[in-house]
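The values are calculated or read from the model by the stated rules, or taken from the named source; none is laboratory data. Everything numeric here is computed off the predicted structure, so don't read it as measured data. Counting neighbours? That spans all protein chains shown, and the Cβs are built from the backbone with ideal geometry, glycine included. Calculation scope for accessible area: heavy atoms of the full protein, side chains included, ligands and nucleic acids excluded. Shrake-Rupley method; radii C 1.70, N 1.55, O 1.52, S 1.80 Å.
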Amino acid sequence: MTPNAVLVRYAEVFLKGGRRGFFIRRLKEGLARQVSRAGPYRVREVHGFLIVADERSRGAEFPDLGSCEGLFEAVERTFGVVGYTPCRMVPREVSALEREVARIADEDVAGAASFKVESSRSDKEYPLDSMELNRRLGAVIAGRSGVPVRLRDPAVTVHCHILARHAALSLENRKGPGGLPVGSSGRVLLLLSGGIDSPVAGWLAMRRGCEVDAVHFEAAPYTTPEARRKAEDLARILARHERSLRLRVVPFGAIQATLRDAAPGALLVVLYRRMMLRIATRLAREGQAQALVTGDNLGQVASQTLENLCVIEAAAGLPVLRPLLTYDKMETVALARRIGTYEVSIRPHEDCCSLFVPAHPETAADPARVEAVEGRLDVETMVARAVAAADTLAIEP
Ligand code: ATP
Ligand code: MG
């Protein structure tokens, strides 16, 4: 079967009651953005589905799609898509359907061990019900190919879905990424290191419908530019899901040196992270983000014990979302591979959080000691300077 359209299914957006129209608009926008990057395609809304077709499609005319790999990848990048089906859109009259399934019998069923037809209808006014359709179309295919019908576990299933004016014939259902359309849940600012976790956390926030901007703290001159390049490359991968992504890069080395001179080494990780959250809060407000996102994971390293997370979070002026909080490292790595960030994340770089830090940092920082150190510093000026010095990069996918 040569597809002439892709039928795109969504589900969760249905659950959102009065906001349904808003969600579908966002999904359609997101899908149109993705597929237009893949080629000359357009998106229409039909009876509870979105349909992607050649941009020259008009009314009942659907030109065949050529090679679809890029198009499928684009659909799979669109959050809110539950599943999709490469299909043939044909006029829905029974005679037209019988003609089309005869072709499918020759091309896709002949030689198989068994088949069945599975029909469904968005338009219940259609003169035949699903059972009748199954029988009519099944008879054509069996007669032509000689392949027996088998209702349980057939080798080939021919789907026929009746829409308002057309029917969609298809052979397979593919899984989409799920989630909610990007832009349907507000904007967040992701703290993006060069590591494995934070890009995955950003991807999960996007899949929940957030538009994501990112901030990277750069420990120059103590680290090489490679850390920053990694952050940029990771941001570019995340940006595929969005219109574009704004990456802020904050010079952080001077702040780290000041903290090193003012505090016992064991407290440094917590102090660094508190400064990051203060600066990120400021940048988020500037950029209209409503929350911060980190790749924190409970109990992995010294900065991520529950005690330290509490002391660190107290410095944030916005909610801190931690999508990976309960993930096992193996789950995070598997997801990083799937979304394509893993290969970038494992490139060697120096991690700014380990700069000047002794082998055994404090795992339960005393908030009073942390505040005493910060009380001796001009934290407000340090934050204001860092915010003023932040670079802004518009990252295009
Ligand atoms: P990651 O793999 O994301 O670096 P991690 O498990 O190594 O996470 P940490 O290095 O302790 O954990 O960092 C925890 C979180 O703090 C990161 O996931 C990220 O959100 C944020 N973070 C750490 N370093 C930076 C940085 N240089 N710039 C921006 N955010 C950072
Ligand atoms: Mg890290």
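Once both labels are positioned 7 Å from their Cα atoms along Cα-to-Cβ, the gap between residue 112 and residue 44 label points is 2.7 nm. Within the listed set 301, 311, 200, the Gaussian network model of the chain (springs between alpha-carbon atoms below 10 Å) gives the highest mean-square fluctuation for 301. Looking at the chain, the accessible area is 44 square angstrom per residue; that uses a 1.4 Å probe and ignores ligands, DNA and RNA. Relative to the current alpha-carbon distance between residue 2 and residue 298, full extension at 0.36 nm per residue lengthens the span by 101.7 nm.
In a DSSP loop and with at most 11 other Cβ atoms within 10 Å, the trypsin sites (Lys or Arg not before Pro) in region 113-143 are 124. Mind checking which of 31, 204, 189 has the largest fluctuation in a GNM of the chain, springs on alpha carbons under 10 Å? Top of the fluctuation ranking is 204. Backbone amide hydrogens, once placed in the peptide plane, bring residue 187 within less than 5 Å of 211, 290, excluding anything fewer than 5 places away on its chain. A dipole drawn for the chain from +1 and -1 charges on Cβ atoms has a positive end, and of 277, 267, 171 the residue lying farthest that way is 171. Each other residue within a Cβ distance under 13 Å of residue 210 adds +1 if Lys or Arg and -1 if Asp or Glu, for a net charge of +1.
May I ask you to compute the full-extension gain from residue 384 to residue 369, defined as 0.36 nm times their residue separation minus their alpha-carbon distance, rounded to one decimal in nm? Extending this stretch completely gives an extra 3.1 nm. Here the Karplus relation 6.51 cos²θ - 1.76 cosθ + 1.60, evaluated at θ = phi - 60°, turns the backbone of region 166-180 into coupling constants of 10, 10, 10, 9, 8, 10, 8, 10, 10, 8, x, x, x, x, 10 Hz, with x for every Gly and Pro. The GluC sites (Glu not before Pro) found in region 1-75 include none that occupy coil by DSSP while having at most 11 further C-beta atoms within 10 Å. Computed over neighbours whose Cβ is under 11 Å from that of residue 219, the net charge equals -2, Lys and Arg +1, Asp and Glu -1. Rg over Rh for region 5-175 works out to 0.98, using Cα positions for both radii and the Kirkwood form for Rh.
Stretching residue 157 away from residue 337 to a fully extended chain increases their span by 61.6 nm, per 0.36 nm per residue minus the current alpha-carbon distance. Across region 5-175, the relative contact order, built from alpha-carbon pairs under 8 Å that are at least six residues apart, equals 25 percent. Region 28-94 and region 236-275 have their alpha-carbon centroids 42 Å apart.
Rounded to whole numbers, the Karplus 3J(HN,Hα) couplings from phi for region 238-252 are 5, 5, 4, 8, 10, 5, 6, 10, 8, 10, 9, 10, 10, x, 10 Hz, using 6.51 cos²θ - 1.76 cosθ + 1.60 with θ = phi - 60°, and x at Gly and Pro.
Distant-in-sequence amide contacts of residue 182, defined by a placed amide H-H separation under 5 Å and a gap of 5 or more residues or a different chain, comprise 79. Only one residue of 188, 361, 326 has its Cα farthest out toward the positive end of the dipole of region 187-395, where Lys and Arg carry +1 and Asp and Glu -1 on Cβ, and that residue is 188.
For the chain, the Stokes-Einstein estimate of translational diffusion at 37 °C and a viscosity of 0.692 mPa s comes to 138 µm²/s, using the Kirkwood hydrodynamic radius over alpha-carbon pairs.
Could you check which residue among 236, 99, 152 shows the biggest mean-square fluctuation in a GNM of the chain with a 10 Å Cα cutoff? So, out of 236, 99, 152, the one fluctuating most is 152.
The DSSP beta bridges internal to the chain are antiparallel in roughly 55% of cases. Checking the Cα-Cα distances for 28/230; 230/329; 28/124 against a 27 Å cut-off, the pairs over it are 28/230.
Among 221-227, 274-280, 176-182, the peptide with the highest mean count of other Cβ atoms within 10 Å heads the list, and the full ranking is 274-280, 176-182, 221-227. Dipole size of the chain about its Cα centre, with +1 on Lys/Arg Cβ and -1 on Asp/Glu Cβ: approximately 1020 debye, rounded to the nearest 20.
In a DSSP loop and with at most 15 other Cβ atoms within 10 Å, the GluC sites (Glu not before Pro) in region 114-199 are 125, 172. The relative contact order of region 271-388, computed from alpha carbon pairs under 8 Å that lie at least 6 residues apart in sequence, is 32 percent. Over the chain, DSSP H runs of length four or greater, each weighted -39,500 (n - 2.57), average out per residue to a 222 nm ellipticity of -11500 deg cm²/dmol. With contacts taken as Cα pairs under 8 Å and at least 6 residues apart, the chain reaches a relative contact order of 16 percent. In region 5-175, the DSSP beta bridges split such that about 75 percent are antiparallel, to the nearest 5. The apolar share of the surface of the chain, taken as the fraction of accessible area on carbon and sulfur atoms (1.4 Å probe, ligands and nucleic acids excluded), comes to 51 percent.
A simple rule links phi to the HN-Hα coupling: the Karplus curve 6.51 cos²θ - 1.76 cosθ + 1.60 with θ = phi - 60°, which for region 364-379 gives 9, 5, 7, x, 5, 5, 4, 5, 4, 4, 5, x, 7, 10, 8, 4 Hz, with x for Gly and Pro.
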